[in-house]
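Each remark here refers to the structure printed beneath this line.
Rule-based calculations on the coordinates, nothing more; no lab input. Quick caveat, the model's predicted, so the values are computed rather than measured. Here the Cβ positions follow ideal geometry from the backbone for every residue, glycine too, while neighbour counts run over all protein chains shown.
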Amino acid sequence: MTIRVWDYLPEYEKERADLLDAVETVFESGNLVLGRSVLGFESEFAAYHDVAHCVTVDNGTNAIKLALQALGVGPGDEVVTVANTAAPTVLAIDAVGAIPVFVDIRPDDYLMDTTQVADVITPATKALLPVHLYGQCVEMAPLQRLAREHGLLVLEDCAQSHGARHAGQLAGTMGDAAAFSFYPTKVLGAYGDGGAVLTGSETVDRDLRQLRYYGMESVYYVVQTPGHNSRLDEVQAEILRRKLRRLDEYIAGRRAVAERYAAGLGDIAEATGLVLPSLADANEHVFYLYVVRHPQRDAVLEQLKRRGITLNISYPWPVHTMTGFSKLGYAAGSLPVTERIADEIFSLPMYPSLPVDVQDTVIGALRDVLTTL
Ligand SMILES: *Cc1c(COP(=O)(O)O)cnc(C)c1O
């Protein structure tokens with residue numbers, strides 16, 4: 001048996017009729033770009049969050065980029081975020097000419113350490129960009145307070161946290177805007193690329209609609225402000241509409257996998273040095289990833305590989321240590337928690353339709369490896 005950390009085929013098998021019907025619906029609609037499905041998904045995704053506006057775009061990276069632009073973040077502005085994230089978070093900041101400023105993460109849940117944010121705020125700081133990583137939310141109250149005090153904008157990176165809640169509030173409803181990715185692996189994933197921005201602001205909504213459409217107000221063929229071609233495809237939008245109806249089911253499926261892992265590994269965790277995911281206070285985790293930690297991570301992964309199980313690391317290289325971001329000037333050791341956990345974390349296979357026998361194989365192999373290390 002080959003074990004894949006992520007696989008869409010079991011889901012496709014189950015949902016095939018509905019997904020193919022989605023494709024046919026678009027093909028028969030007579031409108032292949034910015035049609036009924038995009039508009040329908042936008043209003044349904046906004047309604048799911050009880051937020052006034054949703055603007056879809058072509059991927060999550062551009063969702064962050066266009067959201068920053070629409071919020072007025074540009075060249076020379078500083079944006080506070082974390083280095084333990086997918087590189088696109090930082091690429092999007094860089095793409096608008098702004099400067100990413102990193103704070104460290106918390107050692108227990110690997111999320112932004114919000115107590116460090118005040119220390120890095122300067123007159124150039126324009127926005128805070130918390131990343132709701134792995135499926136749970138950054139503590140937003142301290143960020144909202146700092147934003148009020150210093151007149152900063154808050155953009156949530158929700159690429160990994162569709163449906164996650166903090167103190168009862170959904171990810172994507174706690175800032176000035178929120179960016180989502182619908183990359184296939186995500187909690188709400190398309191069958192290709194996709195992204196969206198949520199916002200309560202009518203002007204941000206209007207600017208986003210222009211920015212994704214060459215900078216035009218669609219009917220006039222006149223560029224108002226130079227923009228991009230960043231539209232969500234109709235087919236992906238219709239697939240996302242169908243899948244949004246099942247989002248809560250997907251989340252329940254992920255939680256069931258997480259519970260099985262915790263039940264299967266909990267008793268040996270402490271004795272073997274395995275650290276299971278910690279649930280942050282007041283958070284409802286959606287388990288985009290099931291991230292564990294072990295001081296001999298590389299040896300554990302090597303042993304698992306010999307048993308045919310190859311696991312992922314999200315992420316092995318913190319963004320500030322990447323060659324492409326050396327211009328930011330972060331020396332090794334500048335984000336100690338981020339750097340330490342990058343050497344210790346790894347992810348167990350996680351998707352809602354992950355077969356139970358595969359979960360049990362992973363649990364069994366990990367128990368063997370850890371108890372004989
Ligand atoms: C996936 C991801 C992105 C980028 O999304 P794409 O759709 O791949 O462009 C941004 N931020 C985080 C945290 C992500 O996980």
Taking the alpha-carbon centre of each part, the distance from segment 170-190 to segment 47-78 in Å is 11
Principal semi-axes in Å for the chain [√(5λ), Cα gyration tensor, largest first]: 34, 27, 17
From the phi of every residue in segment 189-201, what ³J(HN,Hα) in whole Hz does the Karplus formula 6.51 cos²θ - 1.76 cosθ + 1.60 yield, where θ is phi - 60° and glycine or proline is x? x, 7, 9, x, 8, x, x, 7, 10, 9, 7, x, 9
Residue-by-residue Karplus 3J(HN,Hα) for segment 96-109, coefficients 6.51, -1.76, 1.60, Hz, glycine and proline x: 8, x, 7, 10, x, 10, 9, 10, 6, 10, 7, x, 8, 10
Taking Cα pairs under 8 Å and at least six residues apart, what relative contact order does segment 247-372 come out at, in percent? 36
Quick one: which residues, 5+ away or cross-chain, put their amide H under 5 Å from the amide H of residue 227? H built at 1.01 Å from N. 215
Amide N proximity, segment 3-20 versus residue 356 label position 7 Å along Cα-to-Cβ, cut-off under 12 Å: none
Theoretical gain in end-to-end length, residue 12 to residue 340 [0.36 nm per residue, Cα-Cα removed]: 114.3 nm
Using a 7 Å offset from Cα along Cα-Cβ at residue 206, what residues in segment 10-52 end up with backbone N under 17 Å from the label point? 52
Tabulate in residue order the Karplus-calculated ³J(HN,Hα) for segment 33-46, using 6.51 cos²θ - 1.76 cosθ + 1.60 with θ = phi - 60°, rounded to whole Hz; enter x for Gly and Pro. 9, 6, x, 4, 6, 5, 5, x, 5, 4, 6, 6, 5, 5
If we count other beta carbons within 10 Å of each Cβ, what is the order of 281, 58, fewest first? 281, 58
Using only the Cα atoms of segment 247-372, each taken as one equal point scatterer with no solvent, compute I(q) by the Debye sum, divide by I(0), and report log10 of the ratio at q = 0.11, 0.14, 0.16, 0.22 Å⁻¹. -0.44, -0.68, -0.85, -1.31
Once the piece of chain linking residue 27 and residue 141 is laid out straight, how much longer is it, given 0.36 nm per residue of separation minus the C-alpha distance between them? 36.5 nm
Proxy reagent accessibility, fewest Cβ within 10 Å first, across 248, 233: 248, 233
For the chain, with a Gaussian network of springs between Cα atoms less than 10 Å apart, report the residue from 22, 258, 171 with the top mean-square fluctuation. 22
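For segment 215-275, which chymotrypsin sites (Phe, Trp or Tyr not before Pro) are both in a DSSP coil and crowded by at most 14 other Cβ atoms within 10 Å?
Working: sites: 220, 221, 250, 261; in loops: 220, 221.
Filter output for segment 215-275: 220, 221.
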